[in-house]
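A.B. asks: Take a look at this one; I'll ask things after.
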Amino acid sequence: MSRRSGILEFAVLGLLRESPMHGYELRKRLNTSLGVFRAFSYGTLYPCLKSLVANGWLIEETGGAPEGAPAAALTGRRAKIVYRLTASGKEHFEELLAHSGPDAWEDEHFGVRFAFFGQTSRDVRMRVLEGRRSRLEERLEKMRTSLARTRERLDDYTLELQRHGMESVEREVRWLNELIESERAGRDQRAPDPAEQGEKDQSGDTGGLPRHRGGSRPDPSDDTTT
């Protein structure tokens, strides 16, 4: 399985955990809610859905007619297929949520993982955020070293483009620092009660998500950080 198809499966399972959807609605949610999938077509999504159904993680249901509608009204019209998460699909998604290895820090994966932080445990959120920060700090150091070596050979526009890229990475690092400090502050306030933690898992725990103090948060899937 490619990295892109793997993160697509993760996103599909996560969205269907919220509620069942038909293919068109699911594609629209992927395109509008998760930036990395803006250009996804149903031709790409359909094989993914079929694979998830074959693995037993989703089931296909035929959308019913509105209550009281005559049967004749359905003649010649194709019923919509609604995709619903199974119990094993939910279990599989929870296993994926618990993963916090290097793949979760990469540009393409991080934005999607972050979109589901409300369903992710605090410890996993912290590991992903710290891993992402470490990855960007390494990238920033390489960018600075490269710029110092090549500055004299670059024209003004290329130099400005390099600076813009560095500023984008620096902005995301500052944003991650803020998130990490807020997560730590939330964790240090008190140890979670197991019963309350269960309720948070259902409602979407925002944990230490900080109040934003003006401006806009960097888009984790922004191409300028690649």
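The values are calculated or read from the model by the stated rules, or taken from the named source; none is laboratory data. These numbers were taken from a predicted model, which means no experiment stands behind them. We place every Cβ from the backbone using ideal geometry, glycine too, and count neighbours over all the protein chains shown.
A.B. asks: Out of segment 44-73, which residues are modelled with pLDDT of 50 or more, part of a loop (DSSP other than H, G, I, E, B) and loosely packed, with under 12 Cβ neighbours inside 10 Å? Give the derivation first.
C.D. replies: Step one: filter segment 44-73 for residues modelled with pLDDT of 50 or more, giving 44-64.
Okay, now just the ones that are also part of a loop (DSSP other than H, G, I, E, B), so 55-57, 63-64.
Within segment 44-73, 63, 64 qualify.
A.B. asks: In segment 34-43, which residue that is at pLDDT below 75 and farther than 15 Å from residue 82 by Cα is surrounded by the fewest Cβ atoms within 10 Å (Cβ to Cβ)? Working first, answer last.
C.D. replies: Of segment 34-43, the ones at pLDDT below 75 are 35-42.
Next, only the ones that are farther than 15 Å from residue 82 by Cα stay: 35-41.
Values: 35: 16, 36: 22, 37: 23, 38: 10, 39: 7, 40: 17, 41: 9.
Looking at the filtered set, the residue picked out is 39.
A.B. asks: Filter segment 94-123 down to the residues that are part of a helix (DSSP H, G or I) and among the acidic types (Asp, Glu) and list them by number. Talk me through it step by step, then tell me what you get.
C.D. replies: Start the filter on segment 94-123 by keeping residues that are part of a helix (DSSP H, G or I), which leaves 94-97, 102-105, 107-115, 117-119, 122-123.
Result: 94, 95, 103, 107, 108, 123.
A.B. asks: In the set 122, 184, 151, which member is of a type outside the set (Val, Ile, Thr), closer than 30 Å to residue 19 by Cα and modelled with pLDDT under 95? Step through it out loud before you land on a result.
C.D. replies: Working: 184 fails: closer than 30 Å to residue 19 by Cα; 151 fails: closer than 30 Å to residue 19 by Cα.
Criteria check complete, one pass: 122.
A.B. asks: Identify the single condition in (1) closer than 22 Å to residue 95 by Cα; (2) surrounded by 12 or more Cβ atoms within 10 Å (Cβ to Cβ); (3) at pLDDT below 90 that residue 1 does not satisfy, given that it satisfies every other one.
C.D. replies: (2)
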